[in-house]
Amino acid sequence: MTLISVLDLAAVLVFAVTGALVAARALLDVVGFIFVACLTAVGGGTVRDLLLGRDPVFWLAEPAPVAVAAVVAVVVFFTHHLVASRHTVIVWLDAVALSVAVAAGVAVAHGLQQPVWVQIVLGIVTGCFGGLMRDVVCNEVPLVLKAGELYVTAALAGAGAAVAMRELGADGLWPLAACTGMTFLLRAGSI
Amino acid sequence: MTLISVLDLAAVLVFAVTGALVAARALLDVVGFIFVACLTAVGGGTVRDLLLGRDPVFWLAEPAPVAVAAVVAVVVFFTHHLVASRHTVIVWLDAVALSVAVAAGVAVAHGLQQPVWVQIVLGIVTGCFGGLMRDVVCNEVPLVLKAGELYVTAALAGAGAAVAMRELGADGLWPLAACTGMTFLLRAGSI
Amino acid sequence: MTLISVLDLAAVLVFAVTGALVAARALLDVVGFIFVACLTAVGGGTVRDLLLGRDPVFWLAEPAPVAVAAVVAVVVFFTHHLVASRHTVIVWLDAVALSVAVAAGVAVAHGLQQPVWVQIVLGIVTGCFGGLMRDVVCNEVPLVLKAGELYVTAALAGAGAAVAMRELGADGLWPLAACTGMTFLLRAGSI
């Protein structure tokens with residue numbers, strides 16, 4: 001299992017929780033929870049893979065992402081009444097998932113020897129599109145587009161940090177850790 | 001003409017009627033009817049084909065699906081005032097189209113030797129995404145996500161039935177008939 | 001630089017202005033302007049390229065489209081308060097962008113030796129989907145689907161004009177000029 005699939009899987013897991021909690025707000029049944037959780041979890045990475053022409057997309061190559069998202073959705077289905085303030089939890093977990101997914105997007109584009117600006121753009125796409133699909137499909141106002149919140153800005157800064165670290169000679173986990181940290185700090189600061 | 005293209009075409013035809021009726025609710029002109037009908041009719045299969053990397057997507061390979069959807073839209077444009085309760089007709093035809101499209105999705109994935117879980121997921125995708133696009137674009141509450149209705153659940157059960165029948169040794173039309181029947185029964189029972 | 005990339009770039013530029021103005025209505029920050037501008041600018045061409053299996057999509061092959069859209073977004077961010085009636089400007093610029101994008105879509109499909117009906121369909125897709133994504137993501141009523149306006153009809157007539165001119169022996173710029181003129185005239189006449 002490569003570093004990239006670990007990152008993809010971590011983003012899938014946290015995004016799946018947010019998707020399942022949005023499904024809870026929409027009063028769906030358990031399969032509806034799974035549907036929204038999977039859409040949120042793999043949405044951003046799917047758009048990234050389609051744009052890059054990766055064939056097949058990451059979650060068709062192995063069952064782990066869909067399986068993780070489905071299990072998460074079922075767990076949330078049976079426990080979501082324990083959460084006092086669903087909206088707060090969604091917003092904070094979405095920030096965590098965004099931070100990890102931006103790093104995953106940058107890493108995939110870097111692994112395919114894409115130029116630096118493509119790595120940044122695909123980092124943003126991977127981070128933002130899962131949550132965007134969740135909100136559009138469930139008729140919520142997209143978090144990406146809420147006035148006064150640094151969402152795309154945080155993703156841009158994080159992707160930029162990863163690229164800058166690598167230019168400065170760091171490699172392996174460091175650029176991705178910088179990306180996740182930078183994205184989360186900015187996003188969390190604006191919540 | 002293969003069994004798969006017959007199934008795709010049948011789903012296209014019925015989804016096109018639902019798309020055209022939603023266009024009627026939005027008071028569009030005849031080309032608007034054709035646009036929404038085509039989007040609904042080929043939307044699910046297009047997402048399936050993009051995910052699978054099928055090149056080109058099914059409705060670019062031959063003109064039949066788009067032609068059928070366009071003709072259906074024109075017919076509905078001139079006759080939709082005869083329908084007393086548009087919403088009821090949309091919901092029921094959508095259930096028929098869902099049932100056929102799930103079978104088409106499973107059949108395409110099976111034909112490409114995809115594993116069983118991919119067949120189930122792509123059956124659900126093919127069934128649900130056409131109607132989802134129709135509802136999102138036209139600002140209706142997505143049928144997929146209405147509380148208290150078995151939509152994705154019906155698709156999941158149908159796709160599961162197809163796969164189970166094939167494991168039990170049935171082939172040809174039988175697994176697809178089981179899929180369509182199971183999906184429609186569950187969906188219709190929840191309307 | 002080919003004729004097709006000039007057309008794509010012109011459509012990108014004008015669509016980016018409309019996207020940035022919609023971002024202004026949603027009170028986003030400057031990176032939010034860039035995000036919506038890029039989504040609107042490359043959305044239609046991206047769907048066209050994915051459907052055609054062009055790999056990579058046009059704006060990953062060279063940085064110009066994304067760079068143009070980003071610069072446009074920043075300029076609009078600092079000047080949009082000078083615009084008296086944002087909605088009017090959006091609608092008229094959207095008509096210009098639609099006209100150019102339909103021609104770009106037809107030209108790309110023609111360059112790939114696609115049949116005539118595919119050229120027409122992909123002209124419509126390229127013209128309509130960028131604005132559609134902008135409106136769906138930003139929770140505006142899609143211009144494509146406003147009752148009483150010729151939107152898809154104008155795109156269809158324009159694409160048809162391009163194909164007809166070419167059948168009559170015209171080539172080079174003429175069919176594309178006919179396409180742009182026809183689309184804009186019909187669309188402008190209905191505003």
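Any read-out appearing in this document is the output of simple, stated calculations on the displayed coordinates, not a laboratory observation. Note that the structure is a prediction, hence the values are computed from the model and not measured. For neighbour counting, all protein chains shown are included, and Cβ atoms are generated from backbone atoms with ideal geometry for every residue, glycine included.
Over all residues in B:126-136, what is the mean tally of Cβ atoms on other chains that come within 10 Å of each residue's Cβ?
Average neighbour count from other chains, rounded to a whole number: 2.
How many angstrom lie between the C-alpha centres of region B:19-78 and region A:129-178?
Region B:19-78 and region A:129-178 have Cα centres spaced 35 Å from each other.
Counting other C-beta atoms within 10 Å, which of C:S85, A:S99, B:S190 has the fewest, and how do the rest follow?
C:S85, B:S190, A:S99
Report the net charge of residues surrounding A:H80, where surrounding means a beta-carbon distance below 11 angstrom and charges are Lys +1, Arg +1, Asp -1, Glu -1.
+2
Can you give the FRET efficiency for B:E167 and B:V6, using 1/(1 + (r/R0)^6), R0 = 30 Å, r = Cβ-Cβ distance, to the nearest 0.05?
0.80
For region C:98-191, give the magnitude of the charge dipole about the Cα centre (Cβ charges: +1 Lys/Arg, -1 Asp/Glu; no others), in debye to the nearest 20.
40
Angle check, please: helix B:152-167 long axis (alpha carbons) against the longest principal axis of chain B (alpha carbons), in degrees 0 to 90, nearest 10.
For B:152-167 against chain B, the angle is about 30 degrees.
Using a simple spin-label model with points 7 Å from Cα along the Cα→Cβ vector, what separation in nm is obtained for C:A188 and A:V74?
For C:A188 paired with A:V74, the spin-label model returns 6.1 nm.
What's the exposure ranking of B:R134, C:R54, A:R166, C:R86, going from fewest to most Cβ atoms within 10 Å?
Fewest-to-most ranking of B:R134, C:R54, A:R166, C:R86: C:R86, C:R54, A:R166, B:R134.
Between helix A:86-111 and chain A, what is the angle of the helix's C-alpha long axis to the longest principal axis, kept within 0 to 90° and rounded to the nearest 10?
Result, in degrees: 30.
If r is the Cβ-Cβ distance from C:R25 to C:A147 and R0 is 30 Å, what FRET efficiency results, to the nearest 0.05?
So the FRET efficiency works out to roughly 0.90.
Using the charge dipole of region A:3-190 (Lys, Arg: +1 at Cβ; Asp, Glu: -1 at Cβ; taken about the Cα centre), state which of A:A64, A:G43, A:A23 has its Cα farthest towards the positive end.
Going by the Cα projections, it comes out as A:A23.
Residue-wise, which Karplus ³J(HN,Hα) couplings in Hz belong to region C:58-67, taking 6.51 cos²θ - 1.76 cosθ + 1.60, θ = phi - 60°, and x for glycine or proline?
4, 8, 8, 6, 8, x, 3, x, 5, 4
Above 30 angstrom, tally the Cα pairs of region C:3-190 and express them as a % of all pairs, no decimals.
14
For the charge dipole of chain A, defined by +1 on Lys and Arg C-beta atoms and -1 on Asp and Glu C-beta atoms about the Cα centroid, which residue among A:A109, A:G130, A:V152 has the Cα displaced farthest towards the positive pole?
A:V152
Sort A:V163, A:V36, B:V125 by Cβ crowding within 10 Å, fewest neighbours at the top.
A:V163, B:V125, A:V36
If the viscosity is 1.567 mPa s and the temperature 4 °C, what Stokes-Einstein diffusion coefficient in µm²/s follows for region A:9-79 when Rh is the Kirkwood radius over Cα pairs?
Roughly 109 µm²/s, to the nearest whole number.
Size of the dipole of the protein assembly as shown about the Cα centre, Lys and Arg at +1 and Asp and Glu at -1 on the beta carbon, nothing else charged, in debye to 20?
720
Dipole size in debye (nearest 20) for region A:3-190 around its Cα centre, Lys and Arg Cβ +1, Asp and Glu Cβ -1?
Around 260 debye, computed over region A:3-190.
Within region A:170-185, find all residues whose amide N lies under 19 Å from a label point positioned 7 Å from the Cα of A:A64 along Cα-to-beta-carbon.
Once the point is set 7 Å along Cα→Cβ of A:A64, A:172-174, A:176-177 turn out to lie under 19 Å by backbone N, inside region A:170-185.
For n ≥ 4 DSSP H runs only, could you compute -39500 (n - 2.57) per run for chain A, divide by its residues and tell me the 222 nm figure to the nearest 500?
Result for chain A, helices only: -26500 deg cm²/dmol.
Looking only at other chains, what is the average number of their beta-carbon atoms within 10 angstrom of each beta-carbon in C:27-33?
Partner Cβ neighbours, averaged per residue: 6.
What does the copy distance list look like for B:H87, label position 7 Å along Cα→Cβ, in nm and ordered from shortest?
In ascending order, 2.7, 2.7 nm.
Limiting things to C-alpha atoms, what are the Rg and the maximum Cα-Cα separation (Dmax) for the protein assembly as shown, in angstroms?
22.8, 71
For chain B, take the longest principal axis of its alpha carbons; what is the angle in degrees between that and the long axis of helix B:116-137, to the nearest 10 within 0 to 90?
Here the helix axis deviates by roughly 10 degrees.
Summing +1 for each Lys or Arg and -1 for each Asp or Glu, what net charge is found among the other residues whose Cβ lies under 11 Å from the Cβ of C:I191?
Around C:I191, the charge tally is 0.
Within 10 Å of each Cβ in peptide B:61-67, how many partner chain Cβ atoms are there on average? Round it to a whole number, please.
That average works out to 2.
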